[in-house]
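The values are calculated or read from the model by the stated rules, or taken from the named source; none is laboratory data. Since the structure is predicted, the reported quantities are computational estimates derived from the model, not experimental observations. For neighbour counting, all protein chains shown are included, and Cβ atoms are generated from backbone atoms with ideal geometry for every residue, glycine included.
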Amino acid sequence: MKNISIISLLNVLACISVVILHANGSFWSFRSDNSWAINNIIECIFYFAVPVFFMITKEKIL
């Protein structure tokens, strides 16, 4: 049961991270100011969600 709750927690965190990544649209239009640098940091922090979804999918298949 503990593994299921950890996977559920990872799934929730990954979903929230994907929403944040999609809301961070200004990252894709480069500007040479501090806001782009902050958006780049946000993009790097929350990008873990993509591989987490693949790992969760593989866990559910096995």
Cys44 passes all but one of (1) surrounded by 12 or more Cβ atoms within 10 Å (Cβ to Cβ); (2) within 26 Å of Ile6 (Cβ to Cβ); which number fails? (1)
Return yes when Phe53 is outside any loop (DSSP other than H, G, I, E, B) and modelled with pLDDT under 85 and no when it is not. yes
Can you tell me which residue within region 8-29, out of those that are modelled with pLDDT under 85 and surrounded by 10 or more Cβ atoms within 10 Å (Cβ to Cβ), is nearest to Met55 (Cα to Cα)? Asn24
